[in-house]
Each structure stands twice: as C-alpha cells, then as structure tokens.
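Throughout, read-outs are computed from the coordinates displayed, never taken from laboratory work. Fair warning: this is a prediction, and the values are worked out from it, not measured in the lab. Please note: Cβ atoms are built from the backbone with ideal geometry, for glycine as well, and neighbour counts cover all protein chains shown.
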C-alpha cells in the first residue's frame with residue numbers, strides 16, 4: 001500500500017489571472033497573486049500545470065499573427081518543447097510558484113518530461129538573484 005503523503009506545500013500563483021485545475025476530478029483554484037496550502041500530491045500536480053500555463057503564455061506574447069497561422073512556425077516547436085521537456089523556463093516558473101529550490105526537482109521527477117533541454121545556468125542564476133540577501 002502506498003504511503004500517504006500528508007505534508008502540505010505552499011503554492012503561489014504569481015500571475016495576474018486566477019488558475020483552476022483538477023486533481024482526481026476535483027477542481028482547485030488559486031487566485032491571482034494568492035498563496036495557498038495544498039497536500040503535496042495536489043500541490044505538485046497544480047504546480048506542474050500552472051508552470052506549463054505560465055511558460056506557454058509568456059511565449060505566446062511574442063507570437064505574431066503570421067506565427068499563429070503557420071503550424072510549422074518555430075514558435076509552435078518551442079511551445080511543444082516547453083510543455084514536454086524540462087527546461088530552464090519551466091524551472092523558473094516552478095520556483096516562482098513553490099518558492100523553494102529543493103521542491104522544483106521533486107516536481108520535475110514526478111512527471112514524465114522527455115529530458116532537459118536548454119541552459120541550466122539560466123535557472124540557477126535566476127534562483128541566486130531571487131534569494132534574499134544575507135544580512136551583514
């Protein structure tokens with residue numbers, strides 16, 4: 001029997017839009033800019049889907065009408081990569097959602113991403129810049 005994971009995890013919706021996603025058929029909502037606690041399995045599931053939404057919507061801001069009309073445009077390839085691979089963009093989004101660099105790889109391990117593409121240093125630099133400065 002699988003051990004129940006009762007640990008709770010804080011999730012923040014850093015976007016300007018409310019986010020709703022289902023886990024085992026039950027809808028969960030995190031309002032824009034809201035931080036809320038969830039059981040770990042629910043939190044990681046929601047974080048994965050919110051991160052996907054964040055990285056694809058950020059990419060779509062750069063799309064032109066011509067890009068959207070052409071299914072072979074590079075932007076569509078990039079969007080497919082962002083949703084199926086572990087990327088620096090996804091890890092940055094997960095860090096914004098979870099606020100904990102140790103939880104980011106936990107989420108990545110729970111989902112069947114097809115491998116890592118991109119430059120990991122982009123994510124590592126983001127985390128270092130985001131951490132509060134140590135007081136002197």
Rounded to the nearest 10 degrees, what's the angle between the helix 88-98 long axis and the longest principal axis of the chain, both from Cα atoms, 0 to 90? 30
Applying a 10 Å radius around every beta-carbon, put 107-113, 124-130 in order of their mean neighbour count, most first. 107-113, 124-130
Inter-label distance, nm, simple model (7 Å from Cα along the C-beta direction), residue 85/residue 57: 2.4
GNM on the chain, C-alpha springs below 10 Å: top fluctuator among 70, 102, 24? 24
Tell me, in nm to one decimal, what length is gained between residue 36 and residue 10 on full extension, where the rule is 0.36 nm per residue of separation less the Cα-Cα distance? 8.8 nm
The chain: calculated mean residue ellipticity at 222 nm from DSSP helix runs of at least 4, using -39500 (n - 2.57): -15000 deg cm²/dmol
Between the helical axis of 40-60 and the dominant principal axis of the chain, each derived from Cα atoms, what acute angle in degrees is found, rounded to the nearest 10? 20
What shape does region 21-97 take by its C-alpha gyration tensor, where a ≥ b ≥ c are the square roots of the eigenvalues and a/c under 1.5 counts as rounded, a/b above b/c as prolate, and the rest as oblate? prolate
